[in-house]
Each structure stands twice: as structure tokens, then as C-alpha cells.
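Supplied in C-alpha cells, the structure appears directly below.
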Amino acid sequence: MENFKNYIVWAIRILVAGMFFLSAYAKIYHEPSMYYNITMFEVKQLHPMGFSPTLAALFSRALIGVEFALGFMLLMPFNLKRIVFPATILLLSVFSIQLVYEIITVGNKGNCGCFGALLPMTPLQALIKNLVAIGILGFAMWKYGEELSKKDNIKLLTAVKLACIALMFLIVPMKKAKAIEPIQPKNTDNTEQVDDKDTTQIVNQVTVKDTSKKVETPIVEENLGPKAKKSGYAKFFPKIDEGKKILCFFAPSCPHCMETAKELTAMKKADKNFPEVQIIFMDEAPEEIPAFFKFAESEYPHVVMDIIQFWSTLGNNKDVPGVLYLWNGNVRKFYQGINDEKFVKADLKKQLKETK
């Protein structure tokens with residue numbers, strides 16, 4: 001009977017410890033990089049909750065460190081009933097309250113971020129998972145309390161917790177945003193340079209006959225489009241609010257972004273009046289940018305932006321690939337992600353044909 005109790009207690013400890021190890025690892029797993037994944041957790045989960053970028057960076061690393069620490073502590077024989085199990089239940093309860101709030105305010109949609117992008121879960125699925133874990137931990141404390149309170153070593157538990165938190169700051173250090181400088185494409189055989197003057201501002205050329213001179217004289221009807229306004233992107237590309245422009249938000253290693261860029265190149269080659277294309281790249285794999293342009297079959301003016309600033313500029317509730325059609329600084333269309341609002345070439349053609 002004593003052995004049976006030990007087996008049950010160990011099964012519960014291993015199960016919950018494994019859940020915390022997976023949760024911590026999923027937030028930093030290395031594809032494409034640990035910094036990218038922990039930043040995505042901050043942007044998608046912490047920033048919407050009101051965390052500032054600096055506080056989110058501090059909190060995310062401390063939280064992941066605590067998750068790793070609880071995983072180790074659950075497998076150690078010290079203070080299980082008095083400290084480790086209650087601390088685990090408390091953390092799961094805080095997570096559960098946040099999930100209930102998210103379900104009420106936003107709905108049961110999207111990835112809750114508990115296991116990052118490694119194992120997407122809806123808020124309701126994550127809530128059920130937490131409640132089950134709380135239930136089995138509470139059952140173990142009630143039924144097998146004596147087995148959980150045999151050894152005491154608070155100093156070692158504290159050392160494990162602090163070591164895990166410190167290790168997170170060492171392996172995923174906080175970064176300072178880099179200065180943003182636009183990069184103009186080089187003159188290459190496969191690169192079509194775009195004149196700074198927007199050729200799409202003058203359209204609708206009407207030809208009439210001058211009967212006195214017996215020659216045809218073109219009369220230019222200038223279509224000024226909507227009233228000019230500031231889009232907020234001129235700090236990256238100074239002339240972006242002049243006429244029609246395409247501003248893209250891409251990740252260099254994103255295959256959907258690469259395909260979208262290639263489609264835009266095809267449209268540009270087919271239409272000499274196609275708006276100038278400019279790109280804001282996420283700084284997640286900048287070494288891939290030359291390969292990106294090679295696949296797209298053209299090179300475009302671009303900037304490389306820190307991941308957090310990239311998502312703040314694109315919008316935390318949006319996704320890549322992002323394609324923004326601007327006319328005199330006015331947002332005419334914003335394509336984003338790969339679902340309902342994804343980029344559609346035919347729709348952009350339709351948008352470009354509109355005269356006001």
C-alpha cells in the first residue's frame with residue numbers, strides 16, 4: 001500500500017512538472033530564435049494586458065524562470081506540501097483568472113500562449129488544463145499529505161528558483177532597439193529602380209482631336225485622390241505619403257511573406273504605373289534578406305526593425321504578411337495574415353483602379 005501511494009504521488013509530480021517544463025520551453029524554443037519566441041510571447045500576451053515593453057521583457061524572463069524552477073522543485077523531495085504544491089496551485093490559479101478574463105472580454109479565440117507556438121491552445125482549453133492540474137495537486141495534498149512533508153530544505157529551493165531566473169536573463173538577454181535606417185536597393189539586373197516621383201499621381205489621359213491642326217493633343221486630367229494626411233510611416237520612408245504607395249510588413253524567413261513579395265513583383269512588372277513598394281522587415285533573421293529578394297525577383301527599399309517595435313508598428317492584433325496600400329497617406333487597404341484578411345492580388349488590382 002505504501003508503494004502504491006508513492007507511485008501515485010510520483011505520477012502526479014512528474015505529470016505537473018512535465019507540464020511546466022513544456023510550458024517554459026515552448027515560450028523560448030529555438031525556431032527561428034529564442035529571442036524571437038520570447039518576444040512574441042511578450043507582444044501577443046503581455047503587451048495587451050498593459051505591460052510596457054521593458055516590464056514585459058523583465059516579467060517574461062522571470063516567469064519562464066519560475067516555470068522551469070517549479071518543474072525542478074516538483075521533482076525534488078523538499079517542502080512539497082508546505083511550499084511547492086501551494087506555490088504551483090497559486091501560479092495556476094493566477095493563470096486561470098487571466099484566462100477567464102480573456103474569454104469574457106475577447107472570447108475563446110486565438111492562441112492563449114501557454115505553450116507558445118509549439119502547442120497552440122485556445123483560452124478555454126488552457127483553462128481546463130489548469131483546473132485539472134489544480135485538482136490533482138489539491139487531491140494529492142489532501143490524500144497523500146504525509147508523503148509530501150517529510151523533508152525540508154528551503155535554502156536549496158530558493159537557490160534553484162533564483163538560478164533558473166538568472167539563467168533566463170543570460171540565455172535570452174534583453175536587447176536595445178537598433179537605430180532604423182532605410183536601405184535603398186542596389187542597381188542590379190533584376191532590380192527595377194523606382195523614381196522618387198510617384199508616377200501614379202497622373203492618370204486618366206484623355207485624347208481629343210484638334211481639328212484646326214489636324215493632330216491629336218493629349219489633355220492630362222490629374223487625379224489627386226483623397227486629401228493628403230500623415231500616415232505615421234514617413235519617419236521610415238520620407239515620401240511615403242506622396243501619391244500611391246505599397247508598404248509591406250514582412251519577416252525575412254516567412255514563406256508566406258516571400259510568396260506575397262513575389263506576387264507584388266509580378267504585378268509591378270505587368271503595370272508600369274504600379275505604386276512604389278517599400279518594406280519593413282522584422283529583425284528575426286536579417287541574414288535571410290538577400291535570399292528573400294532573390295526569391296521575390298526584385299529588391300525594394302527597406303528597413304529592418306526590432307521585433308517589439310515591428311509588432312507595435314504593424315499592430316499586435318495583426319500578423320504577417322502585412323501589405324498596406326496608401327494613397328496620399330490615407331490607408332486604403334490593409335491586408336494581413338494568411339486567413340480572412342490575407343493579401344489577394346485581384347483585390348489590390350481593384351483597389352488601385354479606384355479614382356477617389
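What are the residues in region 1-33 that are closer than 21 Å to residue 320 by Cα and in contact with a helix residue (DSSP H, G or I) (Cβ under 7 Å, 6 or more places away or on another chain), if any?
Across region 1-33, the qualifying residues are 27, 28, 29.
Here's the yes/no breakdown for (1) modelled with pLDDT of 95 or more; (2) outside the structural domain of residue 297 (by TED's automatic domain parsing); (3) of a type in the set (A, V, I, L, M):
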{"position": "216", "(1), (2), (3)": "no, yes, no"}
{"position": "219", "(1), (2), (3)": "no, yes, yes"}
{"position": "231", "(1), (2), (3)": "no, no, no"}
{"position": "235", "(1), (2), (3)": "no, no, no"}
{"position": "238", "(1), (2), (3)": "no, no, no"}
{"position": "241", "(1), (2), (3)": "no, no, no"}
{"position": "246", "(1), (2), (3)": "yes, no, yes"}
{"position": "249", "(1), (2), (3)": "yes, no, no"}
{"position": "253", "(1), (2), (3)": "no, no, no"}
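Restricted to region 35-50, and to residues that are of a type outside the set (Asp, Glu), touching a helix residue (DSSP H, G or I) at 6+ places or on another chain (Cβ under 7 Å) and in contact (Cβ under 8 Å) with a residue 40 or more places away in the chain, which residue is surrounded by the fewest Cβ atoms within 10 Å (Cβ to Cβ)?
47
Can we say residue 296 is more than 23 Å from residue 41 (Cα to Cα) and without any contact (Cβ under 8 Å) to a residue 12 or more places away in the chain?
no
Quick one: residue 301 ticks every box in (1) modelled with pLDDT of 95 or more; (2) in contact with a Pro (Cβ under 7 Å, 6 or more places away or on another chain) except a single one, so which number is it?
Of the numbered conditions (1) modelled with pLDDT of 95 or more; (2) in contact with a Pro (Cβ under 7 Å, 6 or more places away or on another chain), the odd one out for residue 301 is (1).
Answer yes or no as to whether residue 323 is of a type outside the set (Ser, Thr, Tyr) and over 25 Å from residue 117 (Cβ atoms).
Considered against the rule, which asks whether it is of a type outside the set (Ser, Thr, Tyr) and over 25 Å from residue 117 (Cβ atoms), residue 323 comes out as no.
Still on this model: Scan region 11-21 and tell me whether some residue there is over 16 Å from residue 129 (Cβ atoms), without any contact (Cβ under 8 Å) to a residue 60 or more places away in the chain and not in a helix (DSSP H, G or I).
No, region 11-21 has no match at all.
Would you be able to tell me the number of residues in region 55-89 that are under 17 Å from the mean Cα position of the chain (by Cα) and over 17 Å from residue 25 (Cα atoms)?
The qualifying residues number 1.
Tell me the residue from 51, 72 that is in a helix (DSSP H, G or I) and aromatic (Phe, Trp, Tyr), please.
Going through 51, 72 in turn, just one is in a helix (DSSP H, G or I) and aromatic (Phe, Trp, Tyr): 72.
While we're looking at this one, here's another question. For residues that are surrounded by fewer than 12 Cβ atoms within 10 Å (Cβ to Cβ), closer than 22 Å to residue 68 by Cα and at pLDDT below 90, tally how many sit in region 141-164.
1
Then there's this: Picking from 130, 108, which residue would you name as being within 21 Å of the chain's Cα centre (by Cα), surrounded by 14 or more Cβ atoms within 10 Å (Cβ to Cβ), assigned by TED's automatic domain parsing to the domain that holds residue 21 and of a type outside the set (Ser, Thr, Tyr)?
108
Give region 249-264 a look and list any residue that's buried (at least 21 other Cβ atoms within 10 Å of the Cβ) and among the polar types (S, T, N, Q), or say none.
260
Related question: Regarding residue 104, is this residue in contact with a helix residue (DSSP H, G or I) (Cβ under 7 Å, 6 or more places away or on another chain), more than 16 Å from residue 25 (Cα to Cα) and β-branched (Val, Ile, Thr)?
Against the criterion (in contact with a helix residue (DSSP H, G or I) (Cβ under 7 Å, 6 or more places away or on another chain), more than 16 Å from residue 25 (Cα to Cα) and β-branched (Val, Ile, Thr)), residue 104 does not qualify.
Something else: In region 138-171, what count of residues is obtained for those that are touching a helix residue (DSSP H, G or I) at 6+ places or on another chain (Cβ under 6 Å) and farther than 20 Å from residue 56 by Cα?
Within region 138-171, residues that are touching a helix residue (DSSP H, G or I) at 6+ places or on another chain (Cβ under 6 Å) and farther than 20 Å from residue 56 by Cα number 9.
Mind listing just one residue for me: the one in region 16-33 that is modelled with pLDDT of 85 or more and not small (Gly, Ala, Ser) and, of those, farthest from residue 313 (Cα to Cα)?
Going through the qualifying residues, I end up with 16.
Filtering region 267-290 down to residues that are farther than 20 Å from residue 320 by Cα and in a helix (DSSP H, G or I), which residue is nearest to the chain's Cα centre (by Cα)?
Out of the qualifying residues, it is 268.
The values are calculated or read from the model by the stated rules, or taken from the named source; none is laboratory data. Keep in mind that this is a model prediction, so the values were computed, not measured. Cβ: placed from backbone, ideal geometry, glycine included. Neighbour counts: every protein chain shown.
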